[in-house]
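The values are calculated or read from the model by the stated rules, or taken from the named source; none is laboratory data. Predicted model, so just to flag it, every value in this text is computed and none were measured. Cβ coordinates were reconstructed from backbone atoms using ideal geometry, including for glycine residues, and neighbour counts include every protein chain displayed. These accessible areas exclude ligands, DNA and RNA; they are computed on the full protein's heavy atoms, side chains included. Shrake-Rupley method; radii C 1.70, N 1.55, O 1.52, S 1.80 Å.
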Amino acid sequence: MTSGRDPIFERQLDLLNHGLALLAQRNPFYRRKLEHVRLPLPSVDALRRLPFTTKSELLDDQAASPPYGTNLTYEPSEYTRIHSTSGTTGRRLKVLDTEASWAWFTRCWQHIYRAFGVGRGDRVFAAFGFGPFVGFWAGFEAAHQIGAQAIPGGAQSSLQRLDAILECRATVLLSTPTYALRLAEVARESGIDIAGSDIRATIHAGEPGASIPTTRSQIESAWGARAWDHAGLSEAGPWGYECPEGEGMHVIESQFAAEVLEVGGDAEVGEDETGELVLTNLGRWAAPVVRYRTGDLVRLRSTPCACGRAFLRFPGGVLGRADEMVQVRGVNVYPAAVESIVREEASISEFQIEIFERRRMWELRAAVEVTEGPKPEEVKARLEKELHRRLGLRAEVSLAPVGSLPRFELKARRFRIQREGSQNET
Ligand SMILES: [Zn+2]
């Protein structure tokens with residue numbers, strides 16, 4: 001630990017001890033989990049002695065005590081908002097907030113906007129469906145809290161959204177990186193000049209894309225804007241924003257305690273190593289998570305940052321899901337690494353990747369759509385060679401008809417992992 005981080009730990013310890021005392025007293029879910037923990041904690045390090053919280057545990061709890069489970073610190077009538085996880089895999093987790101805990105959620109978002117220089121005079125367009133998934137709900141609310149104009153972009157086609165962006169002279173776009181590229185594709189097809197629009201910044205979440213240099217530069221050149229990455233999840237909250245100096249994703253450590261642990265284990269990874277992010281939110285005590293295993297893969301860096309912030313950072317942002325990582329001859333292969341190579345081919349508009357184990361060897365199969373350029377066969381051959389050379393995987397690339405692969409508005413599902421002898425697919 002560096003001394004520059006001591007004030008962060010002091011603040012975290014105060015918040016933690018205040019919140020844990022409350023949970024031990026009033027939250028049935030955590031009262032059980034904290035039963036044998038001596039409070040107050042003497043240091044933030046002591047957090048590591050507490051049990052983990054997992055998503056399946058929260059889902060089981062809601063199934064056993066329907067509909068909301070027991071992770072409630074207050075009377076059910078105090079809860080004024082309900083969201084649910086995006087449900088890309090299986091059951092959806094319901095996440096409840098009180099007025100106070102939702103205010104904390106939007107405060108984290110205000111922090112993100114400030115880091116990106118967004119504020120009064122900006123017009124923020126949320127290209128988002130405004131369904132039960134928390135997605136950009138808080139980003140939308142925080143936009144007007146910081147004095148910007150918030151423009152809802154729900155229940156519209158891509159073309160209608162592009163029209164609204166131009167008509168309202170939006171300056172900031174909120175969307176997944178995939179959807180920013182999809183809007184750009186539709187604009188191109190319809191002869192709409194989005195690079196000449198007022199959009200000056202795009203803010204992304206939900207997928208690794210915006211921190212992958214090749215994906216980012218595609219977004220930036222299509223929109224003529226600066227693309228920013230942000231990270232969060234319904235269960236924990238909006239926890240990170242991209243460093244203005246390009247040094248990675250900073251954790252908002254004034255509101256979250258973060259650990260990076262070995263995938264599937266409980267040992268901390270070393271500096272610059274990749275592991276699973278484990279989060280404790282420090283202000284959402286009505287809907288808390290303590291040592292929550294996010295399943296997100298990040299690379300840890302804690303040295304002082306060029307931007308002057310002392311907050312931890314993760315170079316390359318969220319790299320993918322922990323269960324999507326495989327080791328090929330000692331090299332970690334994860335979605336962001338694969339996407340970064342695929343996106344180097346600017347003519348590829350959409351893709352699907354399957355990584356599978358055969359006779360104890362990992363292989364990769366990719367289907368790609370090539371929309372521009374005269375020779376798709378050359379793109380295919382080049383991509384096979386690059387994937388093999390840089391990931392050490394035998395790769396087979398096939399060309400898919402243009403428009404045939406799935407398009408995504410929320411979180412893209414482009415990766416599939418098939419482990420040998422296992423029925424578990426991700
Ligand atoms: Zn920084």
Subset of region 194-250 (residues that are among the small types (Gly, Ala, Ser) and in a strand (DSSP E or B)): Ala201, Ala227, Ala231, Gly232, Gly237, Gly240
Considering only residues that are modelled with pLDDT of 95 or more and under 20 Å from Tyr292 (Cβ atoms), look in region 75-85 and name the one that is surrounded by the fewest Cβ atoms within 10 Å (Cβ to Cβ). Ile82
Which of the residues belonging to region 216-235 are within 16 Å of the ligand (Cβ to nearest atom), over 17 Å from Phe105 (Cα atoms) and under 17 Å from the mean Cα position of the chain (by Cα)? Trp228, Asp229
Give the residue that is nearest to Ala231 (Cα to Cα), with candidates limited to residues of region 132-147 that are out of contact with any Ser or Thr (no Cβ under 8 Å at 6 or more places or on another chain) and part of a helix (DSSP H, G or I). Gly139
Against the conditions (1) crowded, with 23+ Cβ neighbours inside 10 Å; (2) closer than 13 Å to His230 by Cβ, where does Ala201 fall short? Just the number, please. (1)
Scan Leu166, Leu162 and give me the residue that is assigned to a helix (DSSP H, G or I), among the hydrophobic types (A, V, I, L, M, F, W, C) and open to solvent by 30 Å² or more (accessible area, probe 1.4 Å). Leu166
Pairing a residue in region 165-190 that is modelled with pLDDT of 95 or more with any residue that is of a type in the set (D, E, K, R) and part of a helix (DSSP H, G or I), where Cβ atoms lie under 7 Å and the two sit 6 or more apart in sequence or on different chains, gives Leu183/Arg161
Please work out which residue is farthest from the ligand (Cβ to nearest atom), limiting yourself to region 303-317 and to residues that are within 21 Å of the chain's Cα centre (by Cα), under 20 Å from Pro213 (Cβ atoms) and open to solvent by less than 20 Å² (accessible area, probe 1.4 Å). Gly317
Return the total of residues in region 236-253 being of a type in the set (A, V, I, L, M) and within 7 Å of the ligand (Cβ to nearest atom). 0
Can you pull out the residues in region 86-100 that are modelled with pLDDT of 85 or more, open to solvent by less than 70 Å² (accessible area, probe 1.4 Å) and farther than 13 Å from Ser234 by Cα? Thr98
Can you find even one residue in region 270-279 that is within 16 Å of the ligand (Cβ to nearest atom) and either within 24 Å of Glu57 (Cβ to Cβ) or aliphatic (A, V, I, L, M) (or both)? no
Looking for whichever is more than 16 Å from the ligand (Cβ to nearest atom) and farther than 30 Å from Ala115 by Cβ here; the options are Ala337, Ala412, Ala346, Ala366. Which one fits? Ala366
It is to be established whether one or more residues within region 279-292 are within 17 Å of Arg413 (Cα to Cα), open to solvent by 10 Å² or more (accessible area, probe 1.4 Å) and not hydrophobic (A, V, I, L, M, F, W, C). no
Residue count for region 348-366, restricted to those that are under 24 Å from Ser217 (Cβ atoms), at pLDDT 90 or above and open to solvent by 20 Å² or more (accessible area, probe 1.4 Å): 1
Hits in region 259-275 - residues which are open to solvent by 20 Å² or more (accessible area, probe 1.4 Å) and either in contact with a Cys (Cβ under 9 Å, 6 or more places away or on another chain) or part of a strand (DSSP E or B) (or both): Glu268, Thr274
